[in-house]
Amino acid sequence: MQAILVANPKGGCGKSTLSTNLAGLLATSGRSVMLGDVDRQQSSRHWLALRSPKLAPINSWEIRDGEPARAPAGTTHAVLDTPAGLHGKMLHRVLGQVDKVLVPVQPSLFDILASRDFFEALREEKEILKGKVDVAIVGMRVDARTRAAHELERFLEGLDLPVLTHIRDTQLYVQAAAHGMSIFDLAPSRAAADWEQWHPIMRWLND
């Protein structure tokens with residue numbers, strides 16, 4: 001099973017959008033997918049509860065009294081969303097359980113500053129220092145025409161990490177999420193252009 005952590009301690013940076021749509025992409029590609037949270041709130045369950053059984057299935061944690069949450073048997077890919085403020089012992093524990101880390105970053109000063117500190121913390125983690133866990137960046141809600149987008153580009157150029165893609169700012173994600181859907185559950189006539197922005201993420205996961 002491949003476990004992918006979506007993490008950034010800054011709230012509102014697009015973690016849930018990235019997590020739910022990554023799970024949707026994997027599910028519609030025929031993978032057996034679990035979407036879960038590493039915190040106690042299990043907020044991904046709210047999105048999954050809205051999801052129609054007619055769509056590509058996405059599972060959640062198996063939770064039993066007195067036992068730790070675990071991925072259902074047969075799961076090929078686990079996508080783990082994280083709470084704001086992930087750091088310290090909790091970050092260290094989670095990194096020991098995953099293969100890949102995706103860090104969503106938005107083009108704002110506050111997101112850039114919070115992300116910079118997070119990248120410094122990641123560099124000190126032994127799982128990453130030893131090359132056991134791969135880390136990559138995804139630009140979220142990026143409008144290439146704005147000055148903020150250029151500031152984000154300049155910041156990302158200074159990091160020794162791959163920037164896989166930029167996800168554009170569109171209401172498609174909001175509209176899909178309201179129905180427990182990802183953009184990969186939408187008709188090609190509505191979302192095909194946005195699907196292309198996710199191809200580099202899939203290539204990275206398959207590498």
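Read-outs throughout are calculated quantities, based only on the coordinates presented, and are distinct from any laboratory measurement. Everything quoted here is computed from the prediction, not taken from an experiment. Virtual Cβ from ideal backbone geometry, glycine too; neighbours counted across all protein chains shown.
Numerical summary
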{"quantity": "Mean separation of Cα contacts under 8 Å (6+ apart) over length of region 54-136, as relative contact order %", "calculated": "24 percent"}
{"quantity": "Burial ordering of Thr75, Thr170, fewest other beta-carbon atoms within 10 Å first", "calculated": "Thr170, Thr75"}
{"quantity": "Two-site FRET efficiency, Lys54 against Met1, from Cβ-Cβ distance with R₀ of 35 Å, rounded to 0.05", "calculated": "0.85"}
{"quantity": "Distance histogram for region 32-169 (every C-alpha pair counted, 5 angstrom bins, percent rounded to whole numbers)", "calculated": "2, 8, 16, 18, 18, 16, 12, 7, 2, 0, 0"}
{"quantity": "Listed residue (Gly30, Pro53, Val103) projecting farthest to the positive dipole end of region 2-206, Cβ model", "calculated": "Pro53"}
{"quantity": "Positive-end extreme of charge dipole, the chain - chosen from Leu172, Ala187, Pro9 (charges on Cβ)", "calculated": "Ala187"}
{"quantity": "Candidates Asp143, Asp160, Asp37: whichever shows maximal mean-square fluctuation once the chain is modelled as a Gaussian network with Cα springs under 10 Å", "calculated": "Asp160"}
{"quantity": "Max mean-square fluctuation residue, GNM over the chain, Cα-Cα springs under 10 Å, options Leu86, Leu26, Leu50", "calculated": "Leu50"}
{"quantity": "Trypsin sites (Lys or Arg not before Pro) lying in DSSP loop within region 116-159, provided at most 12 other Cβ fall within 10 Å", "calculated": "Lys130, Arg145"}
{"quantity": "Within-11-Å neighbourhood charge of Arg51 [Cβ basis; K, R +1; D, E -1]", "calculated": "+1"}
{"quantity": "Cβ-derived FRET efficiency at R0 22 Å, Glu196 paired with Thr170, nearest 0.05", "calculated": "0.95"}
{"quantity": "Cross-link pairs beyond the 21 Å C-alpha cut-off, checked among Lys89/Lys126; Lys15/Lys126; Lys10/Lys100; Lys10/Lys132", "calculated": "Lys15/Lys126; Lys10/Lys132"}
{"quantity": "Pairwise FRET efficiency - Glu151 versus Arg70, Cβ, R0 = 35 Å, nearest 0.05", "calculated": "0.25"}
{"quantity": "Dipole magnitude of the chain about its Cα centre (Cβ charges: Lys, Arg +1; Asp, Glu -1), debye to nearest 20", "calculated": "300 debye"}
{"quantity": "Relative contact order computed over region 124-185 (Cα-Cα under 8 Å; 6+ residues apart), in percent", "calculated": "35 percent"}
{"quantity": "Helical mean residue ellipticity (222 nm; -39500 (n - 2.57) per DSSP H run of 4+; nearest 500) of the chain", "calculated": "-11000 deg cm²/dmol"}
